[in-house]
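The values are calculated or read from the model by the stated rules, or taken from the named source; none is laboratory data. Because the structure is predicted, anything quoted here is derived from the model rather than measured. A quick note on method: Cβ atoms are made from the backbone with ideal geometry, for glycine too, and the neighbour counts reach across all protein chains shown. These accessible areas exclude ligands, DNA and RNA; they are computed on the full protein's heavy atoms, side chains included. Shrake-Rupley method; radii C 1.70, N 1.55, O 1.52, S 1.80 Å.
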Amino acid sequence: MSREVLAREAINHAFKALKKRHLIEEGAHAPAYIALSRPIISQGSEWKEKAENLEMELQQCYKAQSRLSEQLVVEVAESRALKASLQEKEMAIAELEKELNQTRDECSQLKTDLEEKIRALELLMVEHQELKAQLEQMAIKAKNAEAENKMLVDRWMLQKMQDAERLNEANALYEDMIERLKASGLEKLAREQVDGIVRRSEDGAEFFAESTVPSVCSHRINAHEGGCASILFEYNSGKLISGGQDRSVKMWDTASSSNNLFVWDVSSGRIRHTLTGHTDKVCAVDVSKVSSRHVVSAAYDRTIKVWDLQKGYCTNTIIFHSNCNALCFSTDGLTICSGHVDGNLRLWDIRTGKLLSEVAAHSLPITSISLSRNGNVVLTSGRDNVHNLFDVRSLEACGTFKATGNRVASNWSRSCISPDDNYIAAGSADGSICIWSISKADIVSTLKEHTAPVLSCTWSGLGKPLASADKNGIVCTWT
Amino acid sequence: MEAPKFVWEGAIPLQIHLHESQVTTLPPPPPALILAPRIGYLPLLAPLIKPYFSSTLPPGVDTIWFDYNGLPLKWYIPTGVLFDLLCPEPERPWNITVHFRGYPGSVLIPCEGEDSVKWSFINSLKEAAYIMNGNCKNVMNMSQSDQLELWHSVMNGNLEAYQRVSSKLKLATVDDEYASLCLQKSQQSVIETDLPAQAKTGRVPVRLYVLSVSKDFDDLDEIPRVDSWEKISYINRPVEIRKEDKCFTLHDALKILLPELFLDESLMNVKLGGVDLEDAVRNSNEDVTSDKVVEDQGQNACKRPEACRISSSAEIKLIRIQGIEPKLEIPFSWVANNLLNPDYFLHVCVCVKVAQ
């Protein structure tokens, strides 16, 4: 047990030691130390508390700051947006102001224009009223005028009708007279010559043209140099064709005073046809009255050639021992009358070229043959200074004409019958032209004008004038 | 009053001087007078000290460290232990110097303030739990709030709160039949029946700090100053108390802890550190007879329990636990139950004279 006692003692001892220590260490020093440290501690704790409080405040401040910064960001964004929109608005306002000014100007402009227009309109209205009034007046006038017009037209129509009636009456009377005249004339003629009338009434009555005895020389034309051997009037017109020694054929218009001169130079060939074939000079040419196609020519090579102008060459040649001086187509164009140097008159058929008939017309060469208008009688002139009329069908002499002092000038002197088959004209060597009346069988007149021997005479188909050509180349027209 | 209460309320008066290299004002600031809890740690005093010197400190980052007579003080050793160890003749107030710059990284491990101290404490607690229970599950499974509460109770010296939390840990305590000596007789039986069935053997975690002195001395203040930690050997060895061992005294524990100091010449070759517990026990058994002799001797000589001339080569001059020098005959179980630090370790300071 001593161990336990020892142990207990030891424990007690330990307790005592602890107490002692307590007293020495903390018991002794604690109060002073605590007193000394109180302010520090309290300060420290104060500071701690302050620090904690400040920390909390700081945290709160941070939170608030973050919130505020968020807000700020939002606000800044908003403000930017607002600024932008404000700018836009300002710009819009400026533009609107501009527009407003413009429109104001326009408006004032329009106002002035409007006023002008109104004034103009008023003016126009006034004018319009006046014009209306005038129009009304005019309308009334017009009406009146129309009425008058109508009335006048009616009267004029009435007058015209009356005139027309009178005219009709006059015409009727005239026709009546003509008829009576015609009838009497025809009766007169019928009494005078039976043959001629019958023939004339058969055919060629339409070609009947009164021909007067020419007496006065109306024209004197220097047609050709060296003599004009042949002159001929164009068929039924006043145009005179003359051929001269100067190898030119000239055409003269005698009806009018103008000289339309158509010159053909025979040798140059400007004419439409140049017909070659004769070996000696051609002394007579004639164109068919039926068709201008056929031409017949006689030359001193003792041939008579018949030409077809369309074909352009000689279709027939008649050879006779005696030269032909003069030619003439018959009216039907199938027969040729030819006068020869042996003084015979011969008739040929151009198609066969056969001699149909012959008759001794003159003792000396025949110089001219001309057919009458009606184609029944042919006039022959010879060097024996005799002019004979022969009936074509029977070849009997119908008449003979001669005159003292009338001497046929040359072998080719042409004489002619007047268109009404009443007169014969022939030129003489002393330059005079004798005209015989067939019915009277006597010389009617003698035309003296030419100074040279008259070579050719021709009567216009119209009845007048008569043309004559002499050796000097002077052509005279007689009416 | 109960012994634990004395232990928890124990505080050392400190007179803390600011090192002259840190003084930037004239006149230099007066030393701070701080009462430091014995069971606390020096870095925990930083908030109390700083207000004294904050105005004079040079600008920069503060890393607090202390030194006593030039020796940097290891911050993971409880303040009371440091005082007991380094001041054989207690110096009250204890003059130590505080530094805020120039942390001696070669001597001290880094301390980053209260957290470092807390983790160190928890670590020690785990170690103790492992020694006592064989595993430290109970410490590791402690909830965050419990941990914090425990630590705060330690920081603030709140015994009730500490006891509340630590009882949850169910760390086996050593069966102490002598606990009844402190209590009223009426509670005795209650305590006996309430004590949980103990294991046959209880292991007590012990941290032993041995200050070796070469010269012999008669008075404590003749002990030369400690100027290097090499003079102090730190032995971390649990003491096993066997149930059948009645009256396991402190002396017995010391023999286990420092067998080389209690050896016969024949057992002088026993290894230091890493000694097998059973060996230690055998040794203690073998020495029982001699113990008795010693005890008898000691009984007479226990008037001065410090001087125990066991062997001729070494001599334990001083044993201090929690600032007191208990007799060697004191039951070790009582010591283990009452003089524990909050980390369930028993810190024992011993001064040994070692012959040259």
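Averaged across the residues of B:322-335, what count of C-beta atoms belonging to other chains lies within 10 Å of each residue's C-beta?
Rounded to a whole number, the mean comes out at 6.
Stretched out fully, how many nm does the piece from B:D227 to B:E160 gain, at 0.36 nm a residue minus the Cα gap?
Roughly 20.3 nm would be gained on extension.
List the residues, sorted by chain then number, that are 5 or more residues from B:A11 or on another chain and whose placed amide H is less than 5 Å from its amide H.
Here the answer is A:E26, B:R38, since their amide H atoms fall under 5 Å of that of B:A11.
To the nearest 100 Å², how much accessible surface do chains B and A hide from each other in total, with a 1.4 Å probe?
Answer for the B-A pair: about 3000 Å² buried.
So how much accessible area does A:C416 have, in Å² to the nearest 10, using a 1.4 Å probe?
Approximately 10 Å² of A:C416 is accessible to the 1.4 Å probe.
Could you work out what % of the accessible surface of the range A:10-157 is carbon and sulfur, using a 1.4 angstrom probe and leaving DNA, RNA and ligands out of the count?
Result for the range A:10-157: 61 percent of the exposed heavy-atom area is carbon or sulfur.
Longer than 32 Å from Cα to Cα, which of B:K50/B:K137; B:K50/B:K353; A:K402/A:K464; A:K182/A:K464; A:K50/B:K118; B:K118/B:K231 are they? Say none if no pair is.
The answer is B:K50/B:K137; B:K50/B:K353.
Just to verify a number: FRET efficiency for B:K137 and A:Q71, C-beta to C-beta distance, R0 = 56 Å, to 0.05?
My answer for the efficiency is 0.55.
For the range A:462-475, just list the computed ³J(HN,Hα) in residue order, Karplus coefficients 6.51, -1.76 and 1.60, θ = phi - 60°, integers in Hz, with x standing in for Gly and Pro.
Using θ = phi - 60°, the values come out as 7, x, 8, x, 9, 10, 9, 10, 10, 5, 7, x, 9, 10 Hz.
Can you count the Lys pairs in the range A:68-145 whose Cα atoms are under 24 Å apart, with each pair 8 or more apart or on different chains?
Going through the range A:68-145 pair by pair, I get 6.
Determine ³J(HN,Hα), in whole Hz, for all residues of the range B:28-35 in sequence, where each value follows from phi through the Karplus function 6.51 cos²θ - 1.76 cosθ + 1.60 and θ = phi - 60°; x replaces Gly and Pro.
With coefficients 6.51, -1.76 and 1.60, one gets x, x, x, x, 8, 9, 10, 9 Hz.
So if we plug the beta-carbon distance of A:E169 and A:Q129 into 1/(1 + (r/R0)^6) with R0 = 51 Å, what FRET efficiency do we get, rounded to 0.05?
Computed FRET efficiency for A:E169 and A:Q129: 0.25.
Shielding of B:32-38 by partners, i.e. mean partner chain Cβ atoms within 10 Å per residue?
Going residue by residue through B:32-38 and averaging, the value is 5.
Hey, rough spin-label estimate for A:E49 and B:N69, points 7 angstrom out along Cα→Cβ, what's it come to in nanometres?
Each label point lies 7 Å from its Cα, and together they span 4.4 nm.
Based on the Cα coordinates of the range A:10-157, what is the per residue volume of their convex hull in Å³?
Hull volume over Cα atoms, normalised by residue count, gives 283 Å³.
Per 0.36 nm of contour for each residue apart, how much would the distance between A:A81 and A:R8 grow if the chain were fully extended, relative to their Cα-Cα spacing?
Additional length available on full extension: 17.0 nm.
What distance in nm lies between label points placed 7 Å from Cα along the C-beta direction at A:K160 and A:L309?
Placing both labels 7 Å along Cα→Cβ, they lie 5.0 nm apart.
Each residue of the range A:78-84 in order: what ³J(HN,Hα) in whole Hz does its phi give by Karplus 6.51 cos²θ - 1.76 cosθ + 1.60, θ = phi - 60°, with x for Gly and Pro?
Here the 3J(HN,Hα) series is 4, 5, 4, 4, 5, 4, 4 Hz.
Roll a 1.4 Å probe over the protein chains and send me the accessible area per residue for the range A:299-374 in Å².
38 Å²
For B:R237, what residues show an amide H to amide H distance below 5 Å, using hydrogens built from the backbone and excluding near sequence neighbours?
Close amide H contacts, sequence-distant or interchain: B:V206, B:L208.
Between B:I109 and B:F217, what FRET efficiency follows from the Cβ-Cβ distance if R0 is 30 Å, with the result rounded to 0.05?
Plugging the Cβ-Cβ distance into 1/(1 + (r/R0)^6) gives 0.40.
Would you kindly state how much longer the chain becomes between A:E90 and A:A139 on full extension, computed as 0.36 nm times their sequence separation minus their alpha carbon distance, in nm to one decimal?
10.8 nm
Report, to the nearest whole %, how much of the accessible area of the range B:114-169 belongs to carbon and sulfur atoms, 1.4 Å probe, protein only.
Of all accessible area on the range B:114-169, carbon and sulfur atoms account for 47 percent.
What percent does the relative contact order of the range A:418-472 come to when contacts are Cα pairs within less than 8 Å and at least six residues apart?
Relative contact order for the range A:418-472 comes out at 33 percent.
Residues with amide H under 5 Å of A:L356's amide H, sequence separation 5 or more or different chain, H placed in the peptide plane at 1.01 Å from N; which?
Here A:L347, A:W348, A:D349 satisfy the definition.
Would you mind computing, in nm to one decimal, how far apart the modelled labels at A:Y300 and B:R92 are, each placed 7 Å from Cα along Cα→Cβ?
With each label placed 7 Å out from Cα toward Cβ, I get 21.2 nm.
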